[in-house]
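The values are calculated or read from the model by the stated rules, or taken from the named source; none is laboratory data. Computed from a prediction, not measured in an experiment: that's the story for all the values here. So basically every Cβ, Gly included, is an ideal-geometry build from the backbone, and we count neighbours across all protein chains shown. What goes into the accessible areas is simple: the full protein's heavy atoms, side chains included, and nothing from ligands, DNA or RNA. Shrake-Rupley method; radii C 1.70, N 1.55, O 1.52, S 1.80 Å.
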Amino acid sequence: MNCLFCKIIAGEIPSTKVYEDDLILAFRDINPQAPTHILVIPKSHIPSVDGITAENSAVVAHIFETIPTIAAAEKLENGYRVVSNCGADAGQTVHHLHFHILGGKALSLEMA
Ligand code: AMP
Ligand code: ZN
């Protein structure tokens, strides 16, 4: 499949990994929007939030169960934001489900 993040999972494209287990991978965003900017992805290909179903949502729960561990390892004790862009209006550029973890500074409250 011609998917950038599937290629990162396969090791065909390098990434700076911060967490990995059987189900998910977390790595640093190549174009960080905050001092800490990490992407967390399922190893299974789900195109976006719109592709989450009862059949595949366990991996999404696992991502959210793991985010606090990643945030603690990154010393984001002052807080952080979790964002997922879904579709064109949100500006989704990579069509493999991913959650941005943003932190390391006081973030703008602007949402749109
Ligand atoms: P989105 O715009 O929500 O689809 O987010 C895609 C994110 O992937 C952007 O923040 C990009 O900077 C990031 N990105 C694109 N290519 C890479 C890459 N090779 N390694 C790490 N992050 C990437
Ligand atoms: Zn993919």
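Odds and ends about this structure:
- The chain: calculated mean residue ellipticity at 222 nm from DSSP helix runs of at least 4, using -39500 (n - 2.57): -6500 deg cm²/dmol
- Solvent-accessible area per residue for the chain (1.4 angstrom probe, square angstrom): 60 Å²
- Rh by Kirkwood over Cα pairs, then Stokes-Einstein D for the chain at 1.306 mPa s and 10 °C, µm²/s: 110 µm²/s
- Largest-first principal axis extents, alpha carbons of segment 46-103, Å: 31, 26, 13
- In terms of packing, defined here as the mean over residues of other Cβ atoms within 10 angstrom, the peptides 86-99, 54-67 line up highest first as 86-99, 54-67.
- By the Cβ distance rule (another cysteine Cβ under 4.7 Å), the unpaired cysteines of the chain are C86.
- For the pair segment 1-19 and segment 57-85, the centres of their Cα atoms are 19 angstrom apart.
- Rounded tilt (10° steps) of 57-73 against the dominant C-alpha axis of the chain: 30 degrees
- Accessible surface of the chain, 1.4 Å probe, proportion on carbon and sulfur as whole %: 54 percent
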